[in-house]
1. Output yes when any residue across the range 55-78 is part of a helix (DSSP H, G or I) and closer than 30 Å to residue 310 by Cβ, and no when none is.
2. Would you be able to tell me the number of residues in the range 228-242 that are out of contact with any helix residue (DSSP H, G or I) (no Cβ under 8 Å at 6 or more places or on another chain) and either modelled with pLDDT of 95 or more or not in a helix (DSSP H, G or I) (or both)?
3. Any idea how many residues of the range 361-378 are surrounded by 13 or more Cβ atoms within 10 Å (Cβ to Cβ), assigned to a loop (DSSP other than H, G, I, E, B) and touching a strand residue (DSSP E or B) at 6+ places or on another chain (Cβ under 6 Å)?
4. For the structure I just gave you, tell me whether residue 84 is loosely packed, with under 15 Cβ neighbours inside 10 Å and either under 20 Å from residue 140 (Cβ atoms) or at pLDDT below 85 (or both).
5. Collect the residues in the range 370-382 that are within 18 Å of residue 531 (Cβ to Cβ) and in contact (Cβ under 8 Å) with a residue 40 or more places away in the chain, keeping them in residue-number order.
6. So, in the range 140-157, how many residues would count as being farther than 20 Å from residue 321 by Cβ and buried (at least 23 other Cβ atoms within 10 Å of the Cβ)?
7. How many residues does the range 455-477 hold that are touching a helix residue (DSSP H, G or I) at 6+ places or on another chain (Cβ under 7 Å) and assigned to a strand (DSSP E or B)?
8. Would you mind finding the one in 160, 182, 172 that is surrounded by fewer than 15 Cβ atoms within 10 Å (Cβ to Cβ) and either within 19 Å of the chain's Cα centre (by Cα) or without any contact (Cβ under 8 Å) to a residue 12 or more places away in the chain (or both)?
């Protein structure tokens, strides 16, 4: 018998409807409204903004140092973009945040206190970089204290990305210079071009080139790494893709900068030095790096596993607990602030007390064993230590060989008046150019000491410079030890005076020719430490 389709459908639907009526009632799933943030969010963001501004004002000297570096050093011009990028990344995670509630975390006080202590040590040691990282740590601990661990987890990458607001990396410049010079020379040799290299100086028949600090490629390297982290976060979900792209962002800029340096020398060779110098040099560099960046991003896009900026759906259960009280949020914010500002307060009251101005009497040592001091200093070697309280330059001669002695004396290191400061160097970078640095074994005041050995050139004339520091009444050539001794003297008490001592002599053909002369000079010198102590006492 033919039954109409409509009747068959109704007949088959009746038993199913009866089964549903007889079944136990099912609880409807709880839905979290995603249309807006709870009032506790507004209170938390207000508290964070207020304390954030107070912290910036309290640590204004550190903030000002960072801004000055952004403006004066082209390597870190991108720093002005970091905070807006962090804000944009916060906005991309809004769907995850709206499922959560601020949960003040008082145990974050420990992180704030630790970051404040780090800032204090950095201030005592005169290390701006430590202070800058410590200030970032204070802001991180403030965020954790007010918003809680789950919010920090949801915003882990944006918070981490703020690290690129700290201008770091200058200590890699010498190594990058050496790598760049190596690539340039090897590239020239591959084309059978006559080349002579001495450290950072490269000579071809058409002219001479120097791999200066600006040619090290640090600017391109740091900018590419910062871009790489952002690109990998927005484009990839798998960790291996992110790691592989970040490796490329480190390796490619270093190799590319070496190729760029080779290209400049090669163009100079082909054009008889008419191109690839001056303005052409700069334009070539920008165009080259723009092409390398475009190729790097194209490679990255080829392996993307999601559209740029499309965030994965929020994971984890929404926070359905009652919101934290406004009073608790305010209390945690104030507590974090109190711990943070304790460090600069202690620095002003104890660490950075200014010593009264006194006349410094820095006498040149009287040498023995045939070394005699010249009546006047007439050499063109002038180390650059503009903030030293007192400097001494003296030449000594023996058997036709000359050794120059330089001392930069500081009554007390503070602020930018310190031995290890950007711009201080044992060569001027104009008349004398650095071509290499290493360590050397010496004997100072009868005790073995590892000193810094710097090789500089003036045209074809070579010179070896040995240098070391006197800090907290101890000798050292290690910058980290020097800074720790400086911090120890300020925080725990001790001799606050410090000095940079350098001796230099020329060589004819081989740099090793200078070493016996420098060793004989030190062996013939009286103890230098008592001279420095007497100057400190005066």
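The values are calculated or read from the model by the stated rules, or taken from the named source; none is laboratory data. Here the structure is a predicted model, which means the values were calculated and not measured. A quick note on method: Cβ atoms are made from the backbone with ideal geometry, for glycine too, and the neighbour counts reach across all protein chains shown.
1. No: the range 55-78 contains no residue that is part of a helix (DSSP H, G or I) and closer than 30 Å to residue 310 by Cβ.
2. 2
3. So in the range 361-378, the residues surrounded by 13 or more Cβ atoms within 10 Å (Cβ to Cβ) come out as 362, 364-365, 367, 371, 373-374, 377.
Keeping just the survivors that are assigned to a loop (DSSP other than H, G, I, E, B) gives 362, 364-365, 367, 371, 374, 377.
Then drop every residue that is not touching a strand residue (DSSP E or B) at 6+ places or on another chain (Cβ under 6 Å), which leaves 362, 364, 367, 371, 374, 377.
Residues in the range 361-378 being surrounded by 13 or more Cβ atoms within 10 Å (Cβ to Cβ), assigned to a loop (DSSP other than H, G, I, E, B) and touching a strand residue (DSSP E or B) at 6+ places or on another chain (Cβ under 6 Å): 6 in total.
4. Considered against the rule, which asks whether it is loosely packed, with under 15 Cβ neighbours inside 10 Å and either under 20 Å from residue 140 (Cβ atoms) or at pLDDT below 85 (or both), residue 84 comes out as yes.
5. Within the range 370-382, 371 is the sole residue that qualifies.
6. 2
7. Of the residues in that region, 9 qualify.
8. Working: 182 fails: either within 19 Å of the chain's Cα centre (by Cα) or without any contact (Cβ under 8 Å) to a residue 12 or more places away in the chain (or both); 172 fails: surrounded by fewer than 15 Cβ atoms within 10 Å (Cβ to Cβ).
That would be 160, the only listed residue that is surrounded by fewer than 15 Cβ atoms within 10 Å (Cβ to Cβ) and either within 19 Å of the chain's Cα centre (by Cα) or without any contact (Cβ under 8 Å) to a residue 12 or more places away in the chain (or both).
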